[in-house]
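**Student:** Attaching a single structure in structure tokens format; questions to follow.
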Amino acid sequence: MELRMLPRLEKDIILFKKILVANRGEIAVRIIKACQEMSIPTVAVYSEVDRNSLHVQMADEAVCIGPAAAIESYLNMERIIQVAHQTGAEAIHPGYGFLAENSDFSRRCEEEKIVFIGPNSRALELVGDKVRSRQTMEKAGIPIIPGMKRIAKDFSELEAEAKKISYPVMIKASGGGGGKGMRIVSNPGELKPSLEAGMREAKSAFGDESVYLEKYIEEPRHVEFQGLADNHGNVVHLFERECSIQRRHQKIVEETPSQALDTELRFRMGETAKKVLQVSGYNNAGTVEFLLDKDKNFYFLEVNARLQVEHPVTELTTGVDLVHQQILIASGEKLPFKQEDLKQRGHAIECRIYAEDPRSNFLPSSGKILFIKEPKGPGVRHDCGIYSGCDVPIYYDPILAKLIVWAENRRMACQRMLRALEDYVILGIKTTIDFLKDVVSHPQFEAGKTTTHFIKQYFDGWEGKEKTEENLRLALIASAFDSLNQTSAGKGGAAVQKEVSSPWQTLGRWRLGGK
Amino acid sequence: MDFEFLVDSTLHKIFLEKKENVFIVSDGEKTFEADIRFISANAVSILIEGRSHLVYIAREKDKKYFYLDGQQFIVQEPSQERESFQAGEEKTKDAELLVKAPMPGKVIKINVSEKEEVRKNQTLAIVEAMKMENEIKSSIEGYVKKIFVSAGDLVDSERPLIELSLKK
């Protein structure tokens, strides 16, 4: 199989003269790199606190679009469109988050004759509306989670409904989420007491006691399929990603292939994903999310109408650069491959590196990154939006970087990820690196037994390993050595001082114990 | 030379002295030789009895970070920390009464008003950072004495938000 990844080199394709990247952080950097590889000049936009950010440094042009608050900068559609016109950018890549799935923005771009590198506004609107897309999918024969579509009048109706859905069922509050009013009912005898308790809880939480029933998905896995659709009706999928390792519904570790899929199930889910994109009139890159239960039944959840955070695992196992493809599709190109050309090779895992303190309930940790040592080595990819000395502002998503590894098989990929995490140092702010080490080396993870309950089940109250006496002694030795160099530097400098530039010379004096 | 450091708020001593090409190290129990050198401004290589260790360093105004083998040690100057230790005793008394921001962020909402009675675990305020809302809860039963901030304010870590008073 030969993939023609960069047709520009082979035939004349009119690509964009310039692309504006309407995002920040690691994803803006990722997109700028893709543009550079395709020889397309880039425009970065940034908020007032992001002047020193990496994406600003990397782009060919950079324009400040407003104050720190995203609503006044990265979400300011008219300002971004104005900058696109002013700089002559023909297309806008929205990345993920911010304006990526905003159909108003997509429509505004269409009106302004700027190409939005993403789906058309109609498709975006459809998949963005949970209720409408659920109805559309149900009509098209796509499996959705069975459940009631309205509030029941009385208990007998609920009883009949539960029987129809089949046990176990879940009671959910109509008034809101967050687990309030939620009850799992595994047999008919439990239904009445659970309903009463659920309604009481819903009443006190939301002031509304109405509840509805939904099929309870046991040991659910989150499995999604990456799709690509060109503007000429061609749709392919690039296989699955398993994203079951989540915390507070936020994915933290993703991988492909999923351990829960065999060839037959992969084929069926892949075909279903393609159908979802087709019935939505979708184009460009998109991801179809499913829940997969323990009996291997899958249910459509939603379409993520954007480039996903976890897209690199797909890139490493298929050899397709998804950002290049997004740009080619947006410029009117046909997909350069058919479904049968695409194969998965090896195994890839991604860990998201967040600015959060896993030892104190994942509190956000902003501030200055004093030092970063990026992990390197065969099969290691690091998509990163930070550098030594940069500031992590309080205003945006806490994702700092993504560490992705590829290896011939899953076992080796787990090993490689653990080594890479051990080789990864970020000092100055708290990150999730240590936590992730324990996640990827957990026996249940190594065994591929990953469900969306994994973190709650095994990592509730995680505190990490205790620090060892030996490490403490080494830290003290290093600290004393550092202080010693600092004092001798003051007296004219030791040999080592001449070799190394010395930021510590400018620091305040450290009191020494001895006189 | 003897050194004193506060590591994660506990006082530790170590002796380190250069002798020809190596260093003599003593931690009070053992004395041994170590080959220590800077690899870069942020990395120290230590060889002890042929075993190789790499310690990463980062320096901030009043503290240094040391990292090795997946573990981070925050080292501070003893004198500074002693002062805050003394203040610390008073602080413990008042810690529950003075509610502070747990991290830098933006005050989204103040859920109580001055003189209002509060229950234990009642949400007093919501502070947001990095798109995450954090509920600040009361650890005591009492009254709201004073509110120092209002919705929309940017706060630093440890900034007092609300002062409570105990129920009589």
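The values are calculated or read from the model by the stated rules, or taken from the named source; none is laboratory data. Bear in mind the structure is a predicted one, so any value in this text is a computation, not a measurement. Glycine also receives a Cβ, built like all others from the backbone with ideal geometry; neighbour counts cover every protein chain displayed.
**Student:** Does A:Arg107 count as assigned to a helix (DSSP H, G or I), assigned by TED's automatic domain parsing to the domain that holds A:Phe16 and touching a helix residue (DSSP H, G or I) at 6+ places or on another chain (Cβ under 6 Å)?
**Tutor:** It is true that A:Arg107 is assigned to a helix (DSSP H, G or I), assigned by TED's automatic domain parsing to the domain that holds A:Phe16 and touching a helix residue (DSSP H, G or I) at 6+ places or on another chain (Cβ under 6 Å).
**Student:** Kindly check whether there is at least one residue in the range A:37-52 that is buried (at least 19 other Cβ atoms within 10 Å of the Cβ), assigned to a helix (DSSP H, G or I) and modelled with pLDDT of 95 or more.
**Tutor:** yes
For every residue, the table says whether it meets (1) in a loop (DSSP other than H, G, I, E, B); (2) facing chain B (nearest Cβ under 7 Å); (3) of a type outside the set (S, T, N, Q).
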{"residue": "A:Thr431", "(1), (2), (3)": "yes, no, no"}
{"residue": "A:Lys437", "(1), (2), (3)": "no, yes, yes"}
{"residue": "A:Phe445", "(1), (2), (3)": "no, no, yes"}
{"residue": "A:Thr450", "(1), (2), (3)": "yes, no, no"}
{"residue": "A:Tyr458", "(1), (2), (3)": "no, no, yes"}
{"residue": "A:Trp462", "(1), (2), (3)": "yes, no, yes"}
{"residue": "A:Lys465", "(1), (2), (3)": "yes, no, yes"}
{"residue": "A:Glu470", "(1), (2), (3)": "no, no, yes"}
{"residue": "A:Ser479", "(1), (2), (3)": "no, yes, no"}
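**Student:** Anything in the range A:117-133 that is basic (Lys, Arg) and within 15 Å of A:Lys275 (Cβ to Cβ)? List them, or say none.
**Tutor:** Of everything in the range A:117-133, nothing turns out to be basic (Lys, Arg) and within 15 Å of A:Lys275 (Cβ to Cβ).
**Student:** Against the conditions (1) touching a Leu at 6+ places or on another chain (Cβ under 6 Å); (2) modelled with pLDDT under 95, where does A:Asp397 fall short? Just the number, please.
**Tutor:** (1)
**Student:** Going by what's in this entry, would A:Asp154 be described as of a type outside the set (Val, Ile, Thr) and touching a Ser or Thr at 6+ places or on another chain (Cβ under 9 Å)?
**Tutor:** So A:Asp154 fails the test.
**Student:** Let me ask you something else. Are any residues in the range A:221-245 touching a residue at least 12 places away in the same chain (Cβ under 8 Å) and surrounded by fewer than 19 Cβ atoms within 10 Å (Cβ to Cβ), and if so, which ones?
**Tutor:** A:Asn231, A:His232, A:Asn234
**Student:** How many of the residues making up the range B:41-71 are at the interface with chain A (Cβ under 7 Å from one of its Cβ atoms) and either buried (at least 20 other Cβ atoms within 10 Å of the Cβ) or not in a loop (DSSP other than H, G, I, E, B) (or both)?
**Tutor:** Residues flagged as at the interface with chain A (Cβ under 7 Å from one of its Cβ atoms) and either buried (at least 20 other Cβ atoms within 10 Å of the Cβ) or not in a loop (DSSP other than H, G, I, E, B) (or both) within the range B:41-71 amount to 15.
**Student:** Can I ask one more? What single numbered condition from (1) at pLDDT below 95; (2) under 22 Å from A:Gln325 (Cβ atoms) fails to hold for A:Ala69?
**Tutor:** (2) is the only condition that A:Ala69 fails.
**Student:** Starting from residues that are surrounded by fewer than 17 Cβ atoms within 10 Å (Cβ to Cβ) and among the small types (Gly, Ala, Ser), keep the ones in the range B:126-158 and report whichever is farthest from B:Leu97 (Cα to Cα).
**Tutor:** B:Gly152
**Student:** Moving on to the next point. Filter the range A:379-429 for residues that are farther than 26 Å from B:Ile57 by Cα and either among the hydroxyl-bearing types (Ser, Thr, Tyr) or not in a strand (DSSP E or B) (or both) and give the result.
**Tutor:** A:Gly379, A:Tyr395, A:Tyr396, A:Asp397, A:Glu408, A:Asn409, A:Arg410, A:Arg411, A:Met412, A:Ala413, A:Cys414, A:Gln415
**Student:** Restricting attention to the range B:134-168, report how many residues are touching a residue at least 40 places away in the same chain (Cβ under 8 Å) and among the polar types (S, T, N, Q).
**Tutor:** Qualifying residue count, the range B:134-168: 4.
**Student:** Could you grab the pairs with beta carbons closer than 8 Å, sequence gap of 6+ or different chains, first residue in the range A:149-168 and within 14 Å of A:Ile184 (Cα to Cα) and assigned by TED's automatic domain parsing to the domain that holds A:Gly189, second one surrounded by 12 or more Cβ atoms within 10 Å (Cβ to Cβ) and of a type in the set (S, T, N, Q)?
**Tutor:** Hits for this filter: A:Tyr167/A:Ser186; A:Pro168/A:Ser186.
Conditions tested, residue by residue: (1) in contact with a Lys or Arg (Cβ under 8 Å, 6 or more places away or on another chain); (2) farther than 26 Å from A:Tyr354 by Cβ.
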position	(1), (2)
A:Ala202	yes, yes
A:Asp230	yes, yes
A:Val236	yes, yes
A:Arg241	no, no
A:Arg268	no, yes
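**Student:** Across the range A:133-171, which residue is surrounded by the most Cβ atoms within 10 Å (Cβ to Cβ) among those that are in a helix (DSSP H, G or I) and either of a type in the set (Val, Ile, Thr) or within 29 Å of the chain's Cα centre (by Cα) (or both)?
**Tutor:** A:Met137
**Student:** Looking only at strands (runs of 3 or more DSSP E) that fall completely inside the range A:175-279, which ones have 3 or more residues that are within 30 Å of B:Met132 (Cβ to Cβ)?
**Tutor:** Because the criterion is at least 3 residues that are within 30 Å of B:Met132 (Cβ to Cβ), the strands (runs of 3 or more DSSP E) in the range A:175-279 that meet it are A:211-215, A:221-229, A:235-247, A:250-256.
**Student:** For the range B:20-27, indicate whether the set of residues that are surrounded by 18 or more Cβ atoms within 10 Å (Cβ to Cβ) and either at the interface with chain A (Cβ under 7 Å from one of its Cβ atoms) or at pLDDT 95 or above (or both) is non-empty.
**Tutor:** Looking for residues that are surrounded by 18 or more Cβ atoms within 10 Å (Cβ to Cβ) and either at the interface with chain A (Cβ under 7 Å from one of its Cβ atoms) or at pLDDT 95 or above (or both), one finds at least one in the range B:20-27, hence yes.
**Student:** Condition check: of a type in the set (A, V, I, L, M, F, W, C) and in contact with a Gly (Cβ under 9 Å, 6 or more places away or on another chain). Does A:Leu126 satisfy that?
**Tutor:** Considered against the rule, which asks whether it is of a type in the set (A, V, I, L, M, F, W, C) and in contact with a Gly (Cβ under 9 Å, 6 or more places away or on another chain), A:Leu126 comes out as yes.
**Student:** Within the bounds of the range A:182-196, is there any residue that is under 28 Å from the mean Cα position of the chain (by Cα), among the charged types (D, E, K, R) and farther than 18 Å from A:Tyr299 by Cβ?
**Tutor:** no
**Student:** Identify, please: which residue in the range A:370-420 is surrounded by fewer than 17 Cβ atoms within 10 Å (Cβ to Cβ) and away from chain B (no Cβ under 14 Å) and is, among those, nearest to B:Ala41 (Cα to Cα)?
**Tutor:** So, considering only residues that are surrounded by fewer than 17 Cβ atoms within 10 Å (Cβ to Cβ) and away from chain B (no Cβ under 14 Å), the one nearest to B:Ala41 (Cα to Cα) is A:Lys376.
**Student:** Just to check your reading of the model, which residue among B:Glu89, B:Glu96, B:Glu83, B:Glu33 is farther than 30 Å from A:Ala70 by Cα, modelled with pLDDT of 95 or more and away from chain A (no Cβ under 11 Å)?
**Tutor:** After ruling out the rest, the residue left standing is B:Glu33.
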